[in-house]
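The values are calculated or read from the model by the stated rules, or taken from the named source; none is laboratory data. All figures in this text were calculated on a predicted structure; none of them were measured in a lab. Positions of Cβ are backbone-derived with ideal geometry, glycine not excepted, and every protein chain shown enters the neighbour counts. Areas reflect the complete protein model, heavy atoms only, side chains present, ligands, DNA and RNA absent. Shrake-Rupley method; radii C 1.70, N 1.55, O 1.52, S 1.80 Å.
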Amino acid sequence: AYAAKIRLAWGLAHSQRGHEHHVRALRLIEDMLHSADNPQAVHELLYLKAVARLNAVDLIGANKTVTELLNVRTTPTRPPMSLPHPRWSRFICMRACVRD
């Protein structure tokens, strides 16, 4: 059931059909975040939340979500102030685009 919800949230967040899909994605993602039990799931959901907010033209919310996303530790062995995870370049780029 989780995988199906993630696919639905991904589709809605990336949808070009309008604001209603993005709002629906945000509601679904928020519900899933409340029950997320591991950092990888939280990371994935925050990414989708940032995409949905960006596509819904909620730039302030997208910026906050990307900042929160960059603060989530996905690997327990990585100290908090170490070099950024290699996959985070897209999130850093997203934050730069939102701030501009």
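Summary of values
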| quantity | calculated |
| --- | --- |
| Selection from segment 24-40 of residues that are more than 19 Å from Thr67 (Cβ to Cβ) and either open to solvent by less than 50 Å² (accessible area, probe 1.4 Å) or among the hydroxyl-bearing types (Ser, Thr, Tyr) (or both) | Ala25, Leu28, Met32, Ser35 |
| Residue ranges of helices (runs of 4 or more DSSP H) in segment 11-100 with at least 1 members modelled with pLDDT under 85 | 39-55, 59-71, 89-99 |
